[in-house]
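Structure, as structure tokens:
The values are calculated or read from the model by the stated rules, or taken from the named source; none is laboratory data. From a predicted model like this one, the values you see are computed outputs, not experimental measurements. Cβ: placed from backbone, ideal geometry, glycine included. Neighbour counts: every protein chain shown. Only protein heavy atoms, including side chains, enter the accessible area calculation; ligands, DNA and RNA are left aside. Shrake-Rupley method; radii C 1.70, N 1.55, O 1.52, S 1.80 Å.
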Amino acid sequence: MDHQALAELLFPNVTDTPAQLEERFPLRNVPEGAVITRMAPSPTGFVHLGNLVQGLTSERMAHQSGGVLFLRVEDTDAKREVPGAVKVLIETLKHYGIQFDEGATIDGDNGLYGPYRQRQRADIYHVYAKQLVSQGMAYPCFCTEEELAAMREKQEAAKETTGYYGKYAMWRDRPMEDIQQALSANKPWVLRFRSTGNIANQFKFSDLVKGDLTITENDVDHVLLKSDGIPTYHFAHAVDDHLMRTTHVVRGDEWLPTLPFHIQLFKALGFKLPKYVHIGPLMKMDGTSKRKLSKRKDPELALTFYKAEGFPVSAVYEYIMTLLNSNYEDWRRANPTAPATDFKFSPKKLNPAGNLFDYAKLTDVSKNEIARMDAQQVYTELLSWAKEFDPEFAAELERDPAYTTAILAIGRGGKKPRKDLAVWKDAKDYMGFFYDQYLVAPTFDDKFSSETVATVLRKFLEKFDIADDSAVWFDKVKEITVEIGFTTDMKAYKADPDAFPGSVADVSNFIRQAVTGKTNSPDLYTVMQILGYDRTKARIQNVMNSL
Ligand code: GLU
């Protein structure tokens with residue numbers, strides 16, 4: 001077979017050479033040890049936690065080493081493409097702190113190693129396709145769907161491995177005449193790799209996450225170019241990551257089974273193999289067993305879910321970091337205010353088996369994260385969430401920013417900040433009573449007569465002075481307690497509640513419920529200070545009138 005002639009026949013219009021491409025995309029001028037890596041998502045419009053795990057890993061590896069992170073859009077499967085998906089992807093990742101130095105932008109490209117959308121790179125792939133054909137390492141295959149299906153059936157019946165390999169590789173050694181004939185009959189063809197691998201051979205390979213692996217050689221003549229001339233993932237991966245000068249390929253471990261082929265392909269193309277970082281899946285507990293998070297079953301896989309729930313971006317970020325590097329949590333405890341980027345991230349610490357996603361833990365991390373924020377920051381983040389997901393609440397929050405900020409300042413700062421909020425969605429329930437429109441009428445414990453409640457409220461209003469400090473304020477509550485025959489001795493009360501008609505806690509609760517509508521609230525003295533004299537008094541009077 002004259003391979004050169006076949007190459008000309010298949011790719012008559014390709015005149016560029018690999019050498020020219022090497023020149024066009026020179027080695028990058030980066031410091032020794034700098035990681036060049038990428039995110040290479042398909043534009044399906046669905047951005048999920050797995051993207052974030054992969055994105056944060058590659059972002060940290062690139063930027064921590066003084067390297068480059070770029071975005072390549074893997075749009076070779078036109079059927080799966082959703083309009084606007086690239087925009088959603090870029091914006092979502094940016095929201096989570098992942099910014100690309102280079103690559104596809106919403107409406108174009110930024111960088112010298114593009115185009116960064118694979119469908120715009122057909123010419124480039126064809127240069128290498130032609131090279132492989134001319135070296136006898138690739139050939140056209142004219143098999144129809146029916147022929148492939150029949151082959152598969154035969155293999156299954158004979159209990160053989162399915163696939164296009166060895167004796168089943170029908171077009172592997174066809175004479176030139178057959179190829180010419182098929183071409184002139186305009187039969188569609190794909191370009192296949194001519195594998196020289198043997199499944200009896202194994203070799204060692206080291207992955208940065210998975211560690212040392214034993215790999216079996218690939219013997220399948222995989223497709224390189226589909227019949228429309230667009231490459232498969234495998235071929236595009238080799239060509240793009242070589243020409244874009246990727247040093248580390250960070251990707252999901254669903255690609256491990258085809259890694260033997262990728263290694264083979266890099267070799268055949270004369271490319272230096274990048275380092276691989278294969279990330280394990282995100283799993284969740286389902287009853288007593290673990291399973292992969294699924295797009296269909298688990299709404300919490302989608303990043304939009306976290307936005308709508310109102311997890312602060314920093315909480316999701318912190319949680320993912322704790323998942324990826326087990327020493328992150330200790331580091332954070334020792335460095336509570338340091339930027340997360342000060343942490344020394346290591347891909348080697350990733351769990352090779354993947355991670356168990358724990359919603360309760362995320363919630364916990366989020367509580368801590370919100371507790372660390374100051375009132376102003378909480379105000380800004382809460383308001384921006386509410387504007388999108390609860391505009392009516394947003395309008396309340398915004399009416400008097402100083403009032404809202406004072407509310408949000410309750411219990412903040414100090415050694416043990418309150419942890420009332422895990423997500424912004426919780427905020428209305430927690431603080432809504434401060435706004436008259438969300439105030440609900442209290443229901444008092446029917447152990448106590450309305451008269452008792454009314455007496456407490458009346459006495460409180462008689463003594464209430466907004467200028468009192470908290471000690472004086474509480475002394476007054478205790479006075480009322482004694483006046484109505486309840487006890488202020490909580491120890492004695494707890495030991496024998498039946499010996500008393502009620503306690504100072506009940507008295508406080510009557511007042512609390514009158515003012516907030518609820519049986520629990522942040523510190524009542526502070527609540528009144530924020531509400532102010534008139535509003536507090538009006539609320540108590542209102543309740544008295546309803547008794
Ligand atoms: N487009 C591939 C995917 O979304 C990219 C894998 C890779 O990073 O190489 O799974």
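Restricting Val88, Val82, Val30, Val47 to those that are touching a helix residue (DSSP H, G or I) at 6+ places or on another chain (Cβ under 7 Å) and either open to solvent by 10 Å² or more (accessible area, probe 1.4 Å) or within 13 Å of the ligand (Cβ to nearest atom) (or both) reduces the list to Val47. All conditions but one from (1) of a type in the set (Val, Ile, Thr); (2) in a strand (DSSP E or B); (3) under 20 Å from Ser314 (Cβ atoms) apply to Val53; the one that does not is (2). Open to solvent by less than 60 Å² (accessible area, probe 1.4 Å), in contact (Cβ under 8 Å) with a residue 12 or more places away in the chain, β-branched (Val, Ile, Thr) and farther than 22 Å from Arg418 by Cβ: does that describe Val507? Yes; evaluated as a whole, the condition is true for this residue.
Looking only at the stretch 354-412, residues that are of a type in the set (S, T, N, Q) and under 20 Å from the mean Cα position of the chain (by Cα) come to 5 in all. Considering Val249, Val220, the condition of being within 13 Å of the ligand (Cβ to nearest atom), of a type in the set (A, V, I, L, M, F, W, C) and either modelled with pLDDT of 95 or more or open to solvent by 30 Å² or more (accessible area, probe 1.4 Å) (or both) is satisfied by Val249 alone.
Within the stretch 411-429, the set of residues being closer than 18 Å to Asp374 by Cβ and acidic (Asp, Glu) comprises just one member, Asp420. Of Ala7, Ala40, all but one fail to be open to solvent by less than 20 Å² (accessible area, probe 1.4 Å) and small (Gly, Ala, Ser); the exception is Ala7. Residue by residue through the stretch 495-504, note down the ones that are in a helix (DSSP H, G or I) and surrounded by fewer than 14 Cβ atoms within 10 Å (Cβ to Cβ). Correct list: Ala495, Pro497, Asp498, Ala499.
Each row is one residue, and each column tells you yes or no for (1) surrounded by 13 or more Cβ atoms within 10 Å (Cβ to Cβ); (2) polar (S, T, N, Q); (3) in contact with a Ser or Thr (Cβ under 6 Å, 6 or more places away or on another chain).
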| position | (1), (2), (3) |
| --- | --- |
| Asp342 | no, no, no |
| Phe345 | yes, no, no |
| Lys348 | no, no, no |
| Ala360 | no, no, no |
| Ser366 | yes, yes, no |
| Ile370 | yes, no, no |
| Gln377 | yes, yes, no |
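Consider the stretch 62-74 and keep the residues that are open to solvent by 10 Å² or more (accessible area, probe 1.4 Å) and either within 13 Å of the ligand (Cβ to nearest atom) or over 21 Å from the mean Cα position of the chain (by Cα) (or both). The one that is farthest from Lys348 (Cα to Cα) is Glu74.
Looking only at the stretch 233-246, residues that are open to solvent by 20 Å² or more (accessible area, probe 1.4 Å) and either touching a Ser or Thr at 6+ places or on another chain (Cβ under 9 Å) or among the hydroxyl-bearing types (Ser, Thr, Tyr) (or both) come to 2 in all. Examine the stretch 307-314 for a residue that is in a loop (DSSP other than H, G, I, E, B), more than 20 Å from His63 (Cα to Cα), under 23 Å from the mean Cα position of the chain (by Cα) and aliphatic (A, V, I, L, M), and state whether such a residue exists. No, the stretch 307-314 contains no residue that is in a loop (DSSP other than H, G, I, E, B), more than 20 Å from His63 (Cα to Cα), under 23 Å from the mean Cα position of the chain (by Cα) and aliphatic (A, V, I, L, M). Within the stretch 225-246, the set of residues being in contact (Cβ under 8 Å) with a residue 60 or more places away in the chain and away from the ligand (no atom under 16 Å from the Cβ) comprises Leu225, Gly229. A single member of Met61, Met1 is in contact with a helix residue (DSSP H, G or I) (Cβ under 8 Å, 6 or more places away or on another chain), not polar (S, T, N, Q) and not in a loop (DSSP other than H, G, I, E, B), and it is Met61.
Residue-level check: of (1) aromatic (Phe, Trp, Tyr); (2) modelled with pLDDT under 95; (3) crowded, with 17+ Cβ neighbours inside 10 Å, Phe305 misses just (3).
Just so you know, in the stretch 399-408 the residues that are open to solvent by less than 80 Å² (accessible area, probe 1.4 Å) and part of a helix (DSSP H, G or I) include one that is nearest to Val313 (Cα to Cα), and it is Leu408.
Residues in the stretch 260-276 that are closer than 21 Å to Ile199 by Cα and within 11 Å of the ligand (Cβ to nearest atom): His262 only.
Screening the stretch 246-305 for strands (runs of 3 or more DSSP E) wholly inside it with 1 or more residues that are within 26 Å of Pro26 (Cβ to Cβ) and among the β-branched types (Val, Ile, Thr) returns the ranges 248-252, 275-279.
Exactly one residue out of Ser184, Ser195 is closer than 26 Å to Tyr128 by Cβ, open to solvent by less than 50 Å² (accessible area, probe 1.4 Å) and at pLDDT 95 or above: that is Ser195. Take the conditions among the charged types (D, E, K, R) and touching a residue at least 12 places away in the same chain (Cβ under 8 Å) and apply them to Glu396. Does it pass? Here the answer is yes, as Glu396 does meet what is asked. Note on the stretch 514-538: residues that are open to solvent by less than 10 Å² (accessible area, probe 1.4 Å) and part of a helix (DSSP H, G or I) amount to 7.
Of everything in the stretch 368-394 that is of a type in the set (Gly, Ala, Ser) and touching a Lys or Arg at 6+ places or on another chain (Cβ under 9 Å), the residue that is nearest to Val527 (Cα to Cα) is Ala375.
Number of residues in the stretch 197-241 that are assigned to a helix (DSSP H, G or I) and out of contact with any Asp or Glu (no Cβ under 9 Å at 6 or more places or on another chain) equals 5.
The sole residue among Arg192, Arg152, Arg119 that is touching a helix residue (DSSP H, G or I) at 6+ places or on another chain (Cβ under 8 Å) and not small (Gly, Ala, Ser) is Arg119.
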